[in-house]
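The values are calculated or read from the model by the stated rules, or taken from the named source; none is laboratory data. Everything quoted here is computed from the prediction, not taken from an experiment. Cβ coordinates were reconstructed from backbone atoms using ideal geometry, including for glycine residues, and neighbour counts include every protein chain displayed. For accessibility, only protein heavy atoms count, side chains too; no ligands or nucleic acids. Shrake-Rupley method; radii C 1.70, N 1.55, O 1.52, S 1.80 Å.
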Amino acid sequence: MKRIFNTNTAQYVGKKVKVAGWINNRRTHGKILFIDLRDKTGILQIVFTEKDKKIYKLAQELRPEWVIGIVGKINKRPKGMINPNIETGKVELQPESLEIFSKAKTLPFSIDGPGYEISEEKRLKYRYLDLRRKRLGRNLEMRHKAIQFIRDFLTKQGFVEVETPMLTKSTPEGARDFLVPSRTSPGKFYALPQSPQQYKQLLMVAGLERYFQIARCIRDEDPRGDRQPEFTQLDLEMSFVDREDILQLTEDLYTAMVKKLFPEKKFTQKPFIRMTHAQAMKKYKSDRPDLRKNKKDPNELAFAFITDFPMFEWHEKDKRWGAAHHPFTQPQTIDIKEIKKHPEKILAYQYDFVLNGQEIGGGSIRTTDLDVLTAVFEVLGHTKQETKNQFRNYFEAFSYGVPPHGGIAPGIDRFLAIMLNEPNIREVIAFPKTGDNRGLMMDTPSKVSEEQLKELHIKIRKDKK
Ligand code: ASP
């Protein structure tokens, strides 16, 4: 017999079914034993009575979180026993056979409520139990639905999803790279991608015109606030478009997604608010202003696009210019002398996507003129030759016919945290790391054997602290 989900049992009144799941709880009423069986869809009440002595006896042993399978008849509940709070509240199962798949120790914490009060260290260590919690199960399901929606929406618009390499070369996106030693090329390293930036631009050279990817980005940043060393972006890139096309597409996608998946939410303003970086700084002293009318309303969404960022920002600590977004962004002038002489005056075709005071994405129109790109790198402190060497492949690719192109990369995690009213992005990620980048469940990072190090040509230095 094929097992069916709990919430489908209501359609089987009078029929025999097979169900399976975890024991959510057990209660006795005189000689009757009630079990709430939980599966991924919900709860089903199982009623054990003395009528069937053998099963009744076995059922006495059952404890919370044991995993069982049951075959039995679905009956209508007697009047007065109906539970309007659950989907299967009008029915119950009368068991004919019971199979115990596995027993369970007492869980380290309760999985009944939302669980915010439980220490996060504990929740992350036993994440596989934490995820049994309804709230987190729903978060993962909504995450899946959002990603599915994005895939369908963009596919209809002619986009193709392409996977780009995880073992790649360092890209200057502003953070530190995670490095992976090469066994076969002693002393050489791959970098895990901070984003697929260069690959997606090369896909434009390849003629794809409309690319997207639900992409993992990996950045070795110092622990700071609500960040993760790996996070997920909707990364996209288009050819033969201007800024308006990209912002409009983003607005259409997010409007449609919110309407379909989060119908309880209200937009502060449609079309989304637009303002330049200069206007935002002047009026709100922030490049990601919170433009909600009522900041206490959990269902209000103030989406905004902040445009025309400065191309460069001054890093006082190391007394040098950095790229405000990344160096591939197109400056709003092609006057190379001006770029080098007055970096502080140069604006860029860069935009940020902001929601309720949080940056949820950024992108730009890209530089395809290699002289301009070289000048940008010069401002950043790289000589012409260094730039040519480091981006040799990129320079070469652009010399074979490159279309004008641009893109954006909205983050999936932060967007979902806001939509699901979660206090941080860890609540919408299946297996997040702690603030200091440790994975408590798998115990990462961890030591490796001397043998593995040797194969990788690596010796651990014991620097004195
Ligand atoms: N790669 C950029 C980022 O991760 C986004 C973009 O410019 O498309 O911020």
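Here are the numbers:
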| quantity | calculated |
| --- | --- |
| The stretch 174-231, subset of a type in the set (V, I, T) and without any contact (Cβ under 8 Å) to a residue 60 or more places away in the chain, residue farthest from G435 (Cα to Cα) | T184 |
| Selection count where residues are more than 16 Å from the ligand (Cβ to nearest atom), open to solvent by less than 10 Å² (accessible area, probe 1.4 Å) and at pLDDT below 95, scope the stretch 382-430 | 1 |
| First in the stretch 245-272 and part of a helix (DSSP H, G or I), second anywhere and of a type in the set (V, I, T), Cβ under 6 Å, 6 or more apart | I246/I408; T250/I408 |
| Qualifying residue in the stretch 101-113 (condition: open to solvent by 70 Å² or more (accessible area, probe 1.4 Å), of a type in the set (K, R) and in a strand (DSSP E or B)) | no |
| From L107, L129, residue being over 24 Å from K53 (Cβ atoms) and in contact (Cβ under 8 Å) with a residue 24 or more places away in the chain | L107 |
| Cross-chain or 6+ apart pairs with Cβ under 7 Å, the stretch 398-423 first and closer than 20 Å to K266 by Cβ, then surrounded by fewer than 22 Cβ atoms within 10 Å (Cβ to Cβ) and of a type in the set (F, W, Y) | M419/F262 |
| Meets criteria (touching a residue at least 40 places away in the same chain (Cβ under 8 Å), open to solvent by less than 80 Å² (accessible area, probe 1.4 Å) and part of a helix (DSSP H, G or I)) for F377 | yes |
| Subset of the stretch 139-156 (residues that are without any contact (Cβ under 8 Å) to a residue 40 or more places away in the chain and among the charged types (D, E, K, R)) | E141, D152, K156 |
| Residues within the stretch 169-217 that are of a type outside the set (S, T, Y), more than 11 Å from the ligand (Cβ to nearest atom) and open to solvent by 70 Å² or more (accessible area, probe 1.4 Å), tallied | 11 |
| Complete set of residues in the stretch 124-147 that are open to solvent by 80 Å² or more (accessible area, probe 1.4 Å) and under 17 Å from Q233 (Cα atoms) | H144, K145 |
| Hits in the stretch 218-239 (condition: in a strand (DSSP E or B) and either more than 10 Å from the ligand (Cβ to nearest atom) or not acidic (D, E) (or both)) | I218, D220, E230, F231, T232, Q233, L234, L236, M238, S239 |
| Which listed residue is open to solvent by less than 60 Å² (accessible area, probe 1.4 Å) and assigned to a loop (DSSP other than H, G, I, E, B), from K433, K447 | K433 |
| Any hit, the stretch 428-450, residues being farther than 30 Å from T333 by Cβ and over 34 Å from the mean Cα position of the chain (by Cα) | yes |
| Residue count for the stretch 398-417, restricted to those that are assigned to a helix (DSSP H, G or I) and within 12 Å of the chain's Cα centre (by Cα) | 6 |
| Out of G42, G21, sole residue that is out of contact with any Leu (no Cβ under 7 Å at 6 or more places or on another chain), small (G, A, S) and buried (at least 17 other Cβ atoms within 10 Å of the Cβ) | G42 |
